[in-house]
Amino acid sequence: MKPLIILNFKLYKEAAGKKALDIARQIRNVKHEKYEIIVAPSLCTIQEIAEKTNITVFAQHTDYVPLGAHTGKISAEELKQIGVKGTLLNHSERKIPLPYLTQIVERCKKNKLRTVVCASTISEIKKVAELSPDYIAYEPKELIGGNISVTEADPDIIVKAVGIVHQINPKVKVLCGAGIHSKEDVGHALLLGTHGVLIGHSFVKARDPKKFLQEMLL
Ligand code: G3P
């Protein structure tokens, strides 16, 4: 199981609309035998990237509905049909009430979509670990978008999170994200016991995203 590098495009202008495929295509040429690279583009660009690149694509969010009369919702079934392989859930910028989150994780499992459930605190980690997602991503909200990496800010809490999740459900793997901006941050995250990282602005807003990512993976 290779460690994950999940690149969350969010809705940054540098990775939205017509630019999304370009930035995704830059990743194709990055050598990364040691890691599994996953991109999480916006909903409007996700199908094109899934169909026109060989990169693993995750949604940034999925709703708890099946196909049917659900205006404006995102269903696991449709994501699966268009070649999406997984989804972030409960991101700090897209929180999901626990009852719905429970249903979504179940529906994603039925549709064989990998699940990365985000959590901002230790108490939230404990709650979402019970849902048995594939991954839990610890992302302290106050560090998201900043230049202090979660691995620098409070490494002990990452070790604590890994221990708690292992106690509740050893099958669930822990990731971390927020402020990750260097290969040292990636290496530190793995040393602390996580199975990978989520990266947002430092990749998307890099002057040369391909070069930035290549250096991250050295
Ligand atoms: O999902 C990952 C994202 O929230 C991290 O954002 O910009 O701090 O790398 P950023």
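The values are calculated or read from the model by the stated rules, or taken from the named source; none is laboratory data. As the structure is a prediction and not an experimental result, all values here were calculated from the model. Neighbour counts are summed over all protein chains in view; Cβ atoms, including those assigned to glycine, are modelled from backbone coordinates with ideal geometry. Areas reflect the complete protein model, heavy atoms only, side chains present, ligands, DNA and RNA absent. Shrake-Rupley method; radii C 1.70, N 1.55, O 1.52, S 1.80 Å.
Okay, here's what the table says:
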{"read-out": "Protein accessible area in region 144-218, 1.4 Å probe - carbon and sulfur %", "value": "55"}
{"read-out": "Distance (nanometres) between label positions extended 7 Å along Cα→Cβ at GLU33 and THR102", "value": "4.6"}
{"read-out": "Stokes-Einstein D (µm²/s) once Rh is taken as the Kirkwood radius of the chain over alpha-carbon pairs, at 4 °C in 1.567 mPa s", "value": "75"}
{"read-out": "Neighbour net charge for VAL204 - beta-carbon separation under 11 angstrom, K R +1, D E -1", "value": "+3"}
{"read-out": "Solvent-accessible area per residue, Å², over the chain with all protein chains present [probe radius 1.4 Å]", "value": "48"}
{"read-out": "Helical mean residue ellipticity (222 nm; -39500 (n - 2.57) per DSSP H run of 4+; nearest 500) of the chain", "value": "-10500 deg cm²/dmol"}
{"read-out": "Efficiency of FRET from Cβ geometry, SER123 and LYS52, R₀ 35 Å, rounded to 0.05", "value": "0.25"}
{"read-out": "Entries of LYS18/LYS52; LYS31/LYS183; LYS160/LYS183; LYS110/LYS205; LYS31/LYS171; LYS34/LYS171 with Cα pairs more than 24 Å apart", "value": "LYS110/LYS205; LYS31/LYS171"}
{"read-out": "Gyration tensor verdict on region 115-214 (Cα atoms; rounded if a/c is under 1.5, prolate if a/b is larger than b/c, oblate otherwise)", "value": "prolate"}
{"read-out": "Residue-by-residue Karplus 3J(HN,Hα) for region 131-144, coefficients 6.51, -1.76, 1.60, Hz, glycine and proline x", "value": "7, 6, x, 5, 9, 10, 9, 7, 9, x, 3, 5, 9, 5"}
{"read-out": "Under 5 Å, built H, 5+ apart or other chain: amide partners of ARG114", "value": "GLY86, THR87"}
{"read-out": "Relative packing of 113-123, 27-37, 171-181, which averages over residues the other C-beta atoms within 10 Å, highest first", "value": "171-181, 113-123, 27-37"}
{"read-out": "Dipole moment magnitude, nearest 20 debye, the chain about Cα centre, only Lys, Arg, Asp, Glu C-beta charged", "value": "560"}
{"read-out": "Cut-off under 5 Å, modelled amide H: who pairs with ILE96 long-range", "value": "ASN90"}
{"read-out": "Whole-Å distance, taken between Cα centres, linking region 109-180 and region 70-103", "value": "17"}
{"read-out": "Sequence ranges 69-77, 183-191, 140-148, ranked by mean other-Cβ count within 10 angstrom, highest first", "value": "183-191, 140-148, 69-77"}
{"read-out": "Förster-model FRET efficiency, 22 Å R0, SER182 and LYS95, C-beta, rounded to 0.05", "value": "0.20"}
{"read-out": "Inter-label distance for ARG207 and LYS171, nm, one decimal - labels placed 7 Å from Cα along Cα-to-Cβ", "value": "4.7"}
{"read-out": "LEU7 long-range amide H proximity, modeled H, under 5 Å", "value": "ILE38, VAL39, ALA40, ILE199"}
{"read-out": "Solvent accessible area, Å² - GLU93, 1.4 Å probe, full protein context", "value": "110"}
